[in-house]
Amino acid sequence: MQALPAPVMVWPDRSGRRRVYGARFLRLWPLRTAALLCLMLLTIPSPHAETLQEIQSLAVAGAPELAVRLLQQQEPARKDDPAGWMRWENALVRILAERGDWSKLYVHLTRLPPDLAPPVSTWQQTWLARTLVELNRGAEARVLLRRLLWSGQDPNGKETAEWRRLVIQSYRVEERSDDAYAAMLRYRQDYGTGGPEDALLSGKILLDQGRPADAVEALSGVDTPAARSLLLLARLRSKQWRPSKVLHASRMMLGDKSLAPDVRQQCEAVTAEAAAEAGNAAAQAIALEHLFAAARGVPFDHELFKLTPDALWNAYLTYAKYVGNRAQMLIGDDAPWWKAARGAGRMYPIRARSIYALLALDGATVQTRDKAHDDLVKQLMQADDGAELVRQLYLHSSRFPTVADVPDGVRLTLLDPVIEAGNLALASQLITGLDEPPAGVDRFVWRLRKAKIFVLGGDHAHAAAVLDVLVHEGAKLARPQLDQLIQVLFDLQTIGENDTAYELFAVLEQQVSIAEVKRELWYWMGDSRYAQQRYLEAAALYLRSATMPGPQAMDPWAQTARYQAARALGKAGLVADAKALYQQLLAATDDAERQAVLQRDLQQLLLVKQ
């Protein structure tokens, strides 16, 4: 329904009740979606203008999204202050890059004005190429880089080296290690061994090529944390150091709290590989847990480390079997394993998690396996990044090819973190098929929550199916439950599913006996028909709602419904009927402002007729 001009009618029920529905509904179940947060942010008044330095400090302090929003709101106009605009753009791009938000950065860069002149266009194209590399779109990046390399826009040669490094990286992300190696050799011919950044890139390519001894040579003497971590990997793969020595050294590096997140991820991957080579499955599992818990925020080098969450499942199983062999426990005899897992407790948590993983995958009964999954997830969720680790283990492992293969209890556990992350489409997949509510949750609230998630996730067919069941049970619902149900039907109208919303409203109207609810439902049905430009049907429904107490009813609800009916009749070309309704409304109000609005609408109606 289009918003009614405020001066025309005083009708708190229409807009106010919708707000009441929403507040009450959100208290019932925690749908703190990214979409909702965005809407909230958009409604916050703009703060006073901040300086560029102040906004940048917000990102450093841990609020990069706020910094990005303020930069976008307060950026000076390019035509008025080109230099200032460039400084703000550069700050915005760097914050997005430091966050690793490459998809958003790509969109932003492609929406910059097309008339940028050098050197600003060169800056934009360079960042766009770098972004494409980070998004694993190497071929597209090379198209830009070729254009830059042949453009002659770098007379001093300062940026050419960067462009050529990006060419090398573009081959790496496509796993074309031979081409990356050839490009690196040509780069070295022109620039020599270069500095630490060049040495690091060379070391990665040599490791990709299966030449770890050459990587040791390239990385030796480079004293940066990233190079030291990569040197440990090269020494491990070249067998120059024993796995246990590499494991000890990488653990020592991880003790440094100042390590950059990407270097820490690389160090965890080296630790996991060294632990596997050393036969230390417990250390391998711990390192992989740390790696995958941070994988979403800080991706690791997939070209260098061919790791998936399957590696963590395998490490769990290897360690659990090691524990079982020492205790002479047999797979299939679940009781001793349960006892061992519970006995490990807080003193040996990795042992407990590994045994739960074994029982979850190889337990003798379905009940054992489900219980073990629940216990494993319960332990993992206790960590700060536990939700991400669970998501990686169950949604990115070949052991669970589809979401439907993930155990019900795990899907329930993942549901709220996925919703909070704003991934409503995934939330819709997670909740599909979960017909029984969790313990302690009311069945009606659970089904309504499912419908809400389906609507927000774009799965309108499943939403309609759940809502159809609920509206057919409308006679059994109390008034608060009806209010909650109607709120979700409003959501269908909001996203344009007016046919479905109308049909469900109509079924619910047949089910309920509360006169006030029936009156409201006719109004909402009129909204759907109005949105579909079926104005005659809309007008009839609005008038039915208006005149329910009696033909002459003029209470606030009736006035609003009559107003909407007049608008619909005007749209349908029934000017005389519309005029009559406007005149009735004029006679029913003494408020000068309302009368002015009604007179305006009436005049517009007569102008259309003429």
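What are the ³J(HN,Hα) values, in whole Hz, obtained from phi via the Karplus relation 6.51 cos²θ - 1.76 cosθ + 1.60 with θ = phi - 60°, for each residue of segment 404-415 in sequence order, with x given for Gly and Pro?
5, 7, 6, x, 4, x, 5, 4, 5, 5, 6, 4
When Lys and Arg each count +1 and Asp and Glu each count -1, what net charge do the other residues less than 9 Å away from ASP408, Cβ to Cβ, add up to?
-1
How much length would be gained if the chain were fully extended between GLN583 and LEU330, taking 0.36 nm per residue of separation minus their Cα-Cα distance, in nm to one decimal?
Net length gain for the segment: 82.3 nm.
Pop the C-beta distance of SER103 and ASP442 into the FRET formula with R0 = 56 Å and round what comes out to the nearest 0.05.
Efficiency computed from Cβ-Cβ geometry: 0.90.
Cross-link candidates for LYS571: which aspartates and glutamates have Cα within less than 13 Å, leaving aside residues fewer than 8 places away along the same chain?
GLU537, ASP601
Tell me the mean residue ellipticity at 222 nm calculated for the chain from its helices only (DSSP H runs of n ≥ 4, each -39500 (n - 2.57), averaged over every residue, nearest 500).
When only DSSP H runs of four or more count, the value is -22500 deg cm²/dmol.
Label HIS396 and SER151 with points 7 Å out from Cα along Cα→Cβ: what is the distance between them in nm?
3.4 nm
Give, in nm to one decimal, the length gained when the segment between ALA139 and ARG342 is fully stretched (0.36 nm per residue of separation minus the Cα-Cα distance).
67.9 nm
Can you give the extra length, in nm with one decimal, that the chain gains between LYS257 and ALA161 once fully stretched, where that is 0.36 nm per residue apart less the Cα-Cα distance?
Stretched out fully, the LYS257 to ALA161 stretch lengthens by 31.3 nm.
Using the structure shown, list the pairs from LYS104/LYS378; LYS452/LYS476; LYS239/LYS306; LYS104/LYS158; LYS104/LYS450; LYS79/LYS104 with a Cα-Cα distance above 26 Å, or answer none.
LYS104/LYS378; LYS104/LYS158; LYS104/LYS450
THR193 versus GLU473, label points 7 Å from Cα toward the beta carbon: distance in nm?
7.3 nm
Measure nothing but the geometry: give the 0 to 90° angle between the long axis through the Cα atoms of 498-511 and the longest principal axis through the Cα atoms of the chain, rounded to 10°.
Rounded to the nearest ten degrees, it is 60.
What does the net charge come to around THR547 if you take all other residues with beta carbon closer than 10 Å to its beta carbon, with K and R at +1 and D and E at -1?
Charge balance in the 10 Å sphere: +3.
Give me the percent relative contact order of the chain, please, defined on Cα pairs under 8 angstrom at least 6 residues apart.
So the answer I get is 10 percent.
With just the Cα atoms of segment 308-387, tell me how far they stretch along each of the three principal axes, in Å, largest first.
34, 26, 25
By how many degrees, 0 to 90 and rounded to 10, does the Cα axis of helix 575-588 deviate from the longest principal axis of the chain?
80 degrees
Expressed as an acute angle from 0 to 90° and rounded to the nearest 10, what is the orientation of the C-alpha long axis of helix 592-609 relative to the principal long axis of the chain?
90 degrees
Quick one: Kirkwood hydrodynamic radius for the chain, alpha-carbon pairs, angstrom, one decimal?
Computed over the chain, the radius equals 29.5 Å.
Rule-based calculations on the coordinates, nothing more; no lab input. Given the structure is predicted, the values throughout are model-derived calculations rather than measurements. Glycine also receives a Cβ, built like all others from the backbone with ideal geometry; neighbour counts cover every protein chain displayed.
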